[in-house]
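The values are calculated or read from the model by the stated rules, or taken from the named source; none is laboratory data. Treat the numbers as computed from the prediction; the structure is a model and nothing was measured. Using ideal geometry, Cβ is built from the backbone for each residue, glycine included, and neighbour counts are taken over all protein chains shown. Accessible surface areas use protein heavy atoms only, side chains included; no ligands, DNA or RNA. Shrake-Rupley method; radii C 1.70, N 1.55, O 1.52, S 1.80 Å.
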Amino acid sequence: MNAITRLTPHMQAYSEEFADNGNINWLPYLMYFHPFGFSSPVVNTDASGFRYTEARNRSYSVADLKGESRVRVLAGSSTVFGIGASTDGHTLSARMTENDPGGSPWVNFGGRSFNSTQEMILFSLHHSKLPKVDEIVLFSGFNDLGLARQPKRYRGEHGAFFMYPDFFNAMAQKKPSRFSRWFGTDTADAPEAPPSLDEQIDYAAGLMLRNLTNWKMFADGLGAKLVFMLQPLSNWVRQTGSPEEETLFSELERRGRFAETYGDILEAHAAQSYSNRLAEGAEALGVKFVNLAPLIARKAPPEQWIFVDRIHFTDDGHDFVSKIVLDAIST
């Protein structure tokens, strides 16, 4: 039995149905989204593909609010969706609802493998399903930076997206049209050196802040408070993880070469530079910004098992981080 199966057996539920080759839906505007109406002991989705939040002896989602008159929104990508949680009751939105029972519940607006543009589009398409929104926490930022290394032709104006090879290869195989020629039909990339670290940070920060401007307009229009949190990466929190984390990271590195794929953005100095750029831009927009990694680093003992992989949390990690998030947005 490998380390992943031994330490995190529930992760198989995500790899079978919610991975790139799983039961995802290809959709207009968004590119892809989670299975609709999916049910399992680990993860459940509503008729629109949003994950349920299970808290306060209730289970509800964006498209299934069961009469809630007010909500708070937690938006982002797979960390918000809850990859790593063993049940719907252990996601960030669920733990934030349980750990802050005095306010309206948090709904899960996470989209697995989304960049900031897709996160923003997802909210624009579905916010009409919500009642009064009291607060929005945008828990985002890493995917834009991680995708900034992709070839320029795939980044375009609005950022590269995960699974882009499938899209461009499919376009190339279709009968040529003005639409497919606009995207290009040559799927063989000419050799292209990755952008410099400064260029990656500039590009990702610019894209993230452009979308944050749209989130600000959404929040203002809804009369909701907006907080932008830079999601933490394990490397940004601490160089050496707990014994369980180091075992999992080693196995995952052997399988997927995470460090090679993402390069020097994993270093602490890159995280600080990126955070500084985002903080400056958020301040100019009048949006509260929180860099979560150093807050976790200050409170987490070295032996605490927080991450199931470099970006997603354990059940205990979700609960631990939810309390830090609630504290940060309340101050």
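Need one word for the chain: rounded, prolate or oblate. Basis is the Cα gyration tensor (sqrt eigenvalues a ≥ b ≥ c); a/c below 1.5 gives rounded, then a/b vs b/c decides.
Values: a/c = 1.27, a/b = 1.16, b/c = 1.09.
Here the chain falls in the rounded category.
Among Gln118, Gly221, His158, whose Cα sits farthest toward the positive end of the charge dipole of the chain (+1 at Cβ of Lys/Arg, -1 at Cβ of Asp/Glu, about the Cα centre)?
My answer, from the dipole projection, is Gly221.
Based on DSSP H runs of at least 4 residues, each adding -39500 (n - 2.57), what is the mean residue ellipticity at 222 nm of the chain after dividing by all its residues, to the nearest 500 deg cm²/dmol? Please list the in-between numbers first.
Values: 16 runs with 152 residues, N = 331.
Helix contribution divided over all residues of the chain: -13000 deg cm²/dmol.
Magnitude of the Cβ-charge dipole of region 1-155, K/R +1 and D/E -1, about the Cα centre, nearest 20 debye? It would help to have the intermediate numbers written out before the result.
On the way: 15 positive and 14 negative charges, 72 e Å.
The dipole of region 1-155 has a size of about 340 debye.
When the dipole is taken about the Cα centre of region 201-331, and only Lys, Arg (+1) and Asp, Glu (-1) are charged at their Cβ, what size is it in debye, to the nearest 20? Intermediate results must be reported in sequence, preceding the final value.
On the way: 13 positive and 18 negative charges, 99 e Å.
Around 480 debye, computed over region 201-331.
For the chain, what is the relative contact order in percent, using Cα pairs closer than 8 Å and at least 6 residues apart in sequence? Please report the intermediate quantities before stating the final value.
Numbers: 557 pairs, mean separation 59.0, N = 331.
That works out to 18 percent.
Could you tell me which of rounded, prolate or oblate describes region 1-97, using a ≥ b ≥ c as the square roots of the eigenvalues of the alpha-carbon gyration tensor, with rounded for a/c under 1.5 and, failing that, prolate when a/b is larger than b/c and oblate otherwise?
Numbers: a/c = 2.04, a/b = 1.25, b/c = 1.62.
Oblate, since a/c reaches 1.5 and b/c is not below a/b.
As I understand it, the dipole of the chain uses +1 on the Cβ of Lys and Arg and -1 on the Cβ of Asp and Glu, about the Cα centre. Which of Pro41, Val62, Asn2 lies farthest toward its positive end?
Highest projection toward the positive end goes to Val62.
Might you work out the accessible area of Ile201 for me, using a 1.4 Å probe with all protein chains in place, and round it to the nearest 10 Å²?
10
Could you check what % of the DSSP bridge pairs in the chain are antiparallel, to the nearest 5? Could the numbers behind the result be given before it?
Working: 9 of 31 bridges.
Within the chain, antiparallel bridges account for around 30 percent of the total.
Straight-line reach from Lys299: which aspartates and glutamates fall under 18 Å, measuring Cα to Cα and dropping same-chain residues less than 8 apart?
Output for Lys299: Glu245, Asp315, Asp316, Asp319, Asp327.
Which is farthest toward the positive dipole end of region 219-331 among Gln272, Gly256, His318, measuring Cα position about the Cα centre, with Cβ charges +1 (Lys, Arg) and -1 (Asp, Glu)?
Gln272
Classify region 265-331 as rounded, prolate or oblate, taking a ≥ b ≥ c as the square roots of the eigenvalues of its Cα gyration tensor: rounded when a/c is under 1.5, otherwise prolate if a/b is larger than b/c and oblate if not. Don't skip to the end; give the middle numbers.
Values: a/c = 2.44, a/b = 1.45, b/c = 1.69.
Since a/c reaches 1.5 but b/c is at least a/b, the shape of region 265-331 is classed as oblate.
To the nearest 20 debye, what charge dipole does the chain have about its Cα centre, counting +1 at the Cβ of each Lys and Arg and -1 at the Cβ of each Asp and Glu?
Details: 32 positive and 39 negative charges, 181 e Å.
Here the chain has a charge dipole of around 880 debye.
How do the peptides 305-311, 279-285 rank, highest first, by the average count of neighbouring beta carbon atoms within 10 Å per residue? Could the numbers behind the result be given before it?
Details: 305-311: 22.3, 279-285: 15.1.
Packing order, densest peptide first, comes out as 305-311, 279-285.
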